[in-house]
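Taking it in order: structure first as structure tokens, then the write-up.
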Amino acid sequence: MTVKRSQPKPGTSASAQLPRAVDSSSAPATAPQHEPPLARAGRVANMVSLDSVRFTHFSATSLDRPGGTAEKAEVDSRVGFTKPKIRREPEKFVISSTLVFSLHVRPSESQGQSEAPIANLRATIELAYSHKSGQQSITDEDLQEFANVNAPFNAWGYWREYVQSSLARLELPTARIPLFRVQTAQRIMLGDDE
């Protein structure tokens, strides 16, 4: 809601010019059917707490030899995550997703397309959230929106540390992993099992 501020009319006080509050007691208690996904995810975020983060599987593979291509070239990275899977349990739920990273040599103008990756990293991360039974129930639709946005966001810091330390152990150039942007989550979400 936008409120215009204006100068009081002569002979009236400034408080007489303020807009009146809207009575919300007649507003519907249920959420609109076409509510934005972030609003649905936010509703769940307000009802849960993150209890644990666990790596259930991880791998780091160097496809470059020491002193090879990566040391002499600029590199590009690609990141993504699989569609999160949800497992409900009493008073909690667990979300798991596989985060994927690949490092590529940046092509020179004469080369055209980028070369095959020189490193591949994957990690499946489980996030356990608690939800008190006395609170409002969480719909499957709201929980899926939360899983698509908040779960990767909550895992991203752990993921960044894993990628950076793994690249160092593989003696490959470090690559910056961008901050997780909620607005771009759909764009970097991969298929179910890529």
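Can you check what the net charge comes to around ARG169, using other residues whose Cβ is under 14 Å from the Cβ of ARG169 (Lys, Arg +1; Asp, Glu -1)?
-3
What does the charge add up to near THR56, with Lys and Arg as +1, Asp and Glu as -1, over the other residues with Cβ less than 13 Å from its Cβ?
+3
Only the coordinates and a few stated rules stand behind these numbers; no lab work does. This is a predicted model, so every value here is computed, not measured. Please note: Cβ atoms are built from the backbone with ideal geometry, for glycine as well, and neighbour counts cover all protein chains shown.
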